[in-house]
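These notes are about the structure you will find just below.
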């Protein structure tokens, strides 16, 4: 190793080794064994030999033997960039450049090493910062503090002047920003513009200009109502439900926007707009059949007509219902349970009806329909009348193990004759069959 190796060896022989050999009470167990082997004879035991270092002297000597390559990483990890070589003593001031505030400071290696994870110069890592100056820096960064200043590393509740939302930022983090303003989401430029554009499209918005930052309003075209709007990336990414512009996403649509959204699903309304959460009677533009939907559940670009939609198959279902095939709407009654059930199947001798009969149900009335879509529509109309009246109670799953307990009502809560009379297949628009 050359001169460095000779220096380390000399220090070990003259400083470290005497500390281990001075007696069994000093040093580690290795020093104890070494003391025993040498019988307590120390190289420094001769008359006039210096006594081994101890206490503060020992700590100073141990830091004195550090090299620049050993001490420098400690300073860098503490947010200090040395601008000169290690002074050779842990207590000697060491000129460094603070990476947090950018100032040139002098700190000792010893004090820097004893910090508990704090970074930067004395002003940056301590609580000696003037609260007024700290508040001024936060305001300059676009943050309005909502509570008194505590320390550089404590989260400081603030109000972001860019996006208007509440946040918690530390003084240390804000002081490191290079002229960027606002909370972490507003001042961050780490978002990939391609990913930002993909998220906006997923939210039902087509960007009309390049991405700037998370908090800036982004000019977009709503894919639902086709109107131009301005939505920030932060607002679009924080949505839990809803797509499109703010009006479309919230469900609070006016009649014009609601009809425009309905048109994208291939439907034409048969009555005035009832509201986003109410059922809306419509007619399909393709098959001319009846459709009842909630505008909040309509997905842009997909047909809402079950008859015209592509069929979906499930490997877990043994009786996949076909909305295009002829179907049967049935009303069955169980005398023992004193309950009625409304359901759909594809024929009067189907496995579904056989299951009900095996469990003690009897067929009260059936209606033959040209499509499964019409059968489902009439079935839901019956259930709506039951639930809007007094028939809110149903059987349990144990009472109806073959399934369908949620489509039941107790005979005491309904009128069977009125239920049969309310089913009017002839009033449905004639659907174009394929």
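Computed from the coordinates by the stated procedures, all read-outs in this text should not be read as laboratory data. It should be emphasised that the depicted structure is a prediction, and the values quoted were computed from it without experimental measurement. Every residue, glycine among them, receives a Cβ derived from its backbone with ideal geometry; neighbour counts consider all protein chains shown.
Stokes-Einstein diffusion coefficient for region 131-187 at 4 °C in a medium of 1.567 mPa s, Rh from the Kirkwood formula over Cα pairs: what value in µm²/s? It comes out at roughly 120 µm²/s. Working ranking of peptides 368-374, 397-403 by packing, defined as the average number of other Cβ atoms within 10 Å per residue, highest first, is 368-374, 397-403.
Order of 394, 170 from fewest to most other C-beta atoms within 10 Å? Spell out each step's value before the answer.
Values: 394 20, 170 15.
Ranking 394, 170 by Cβ neighbours within 10 Å, fewest first, gives 170, 394.
Could you grab the relative contact order for region 294-417? Cα pairs under 8 Å, six or more apart, rounded to a whole percent. Working shown, then result.
Details: 169 pairs, mean separation 32.3, N = 124.
It rounds to 26 percent for region 294-417.
In plain terms, the chain from residue 405 to residue 92 could stretch by 104.3 nm, reckoned as 0.36 nm per residue minus the Cα-Cα distance.
At 37 °C and 0.692 mPa s, what whole-number value in µm²/s does Stokes-Einstein give for the translational diffusion of region 350-434, with Rh from the Kirkwood sum over Cα pairs? Mind dumping the intermediate values first?
Working: Rh = 14.5 Å.
For the chosen part, D equals 227 µm²/s.
List residues of region 353-395, by number, whose backbone nitrogen lies under 14 Å from a label position 7 Å along Cα→C-beta of residue 322. Output list for this probe position: 370-373.
Applying the Kirkwood pairwise sum to the alpha-carbon positions of region 209-312 produces a hydrodynamic radius of 14.6 angstrom.
Modelled spin-label separation between residue 114 and residue 302, with each label point placed 7 Å from Cα along the Cα-to-Cβ direction: 6.6 nm. Label sites at residue 217 and residue 427, each approximated as a point 7 angstrom past Cα along Cα to Cβ, lie 4.8 nm apart.
Given their separation in residues at 0.36 nm each and the Cα-Cα distance between them, residue 333 and residue 199 gain 43.1 nm when the chain is fully extended.
Between residue 393 and residue 76, what FRET efficiency comes out of the Förster formula 1/(1 + (r/R0)^6) with R0 = 60 Å and r the beta carbon distance, rounded to 0.05?
Details: r = 72 Å, r/R0 = 1.21.
In this case the efficiency is close to 0.25.
Centroid-to-centroid, using Cα positions, region 186-239 and region 250-304 are 26 Å apart. Placing pseudo-labels 7 Å out from each Cα toward the beta carbon at residue 268 and residue 240 gives an inter-label distance of 3.9 nm. Using equal-weight Cα scatterers in the Debye expression, the normalised intensity of region 255-297 in log10 at q = 0.19 Å⁻¹ is -0.46.
Extension gain, residue 66 to residue 140: 0.36 nm times the residue separation minus the Cα-Cα distance gives 22.4 nm.
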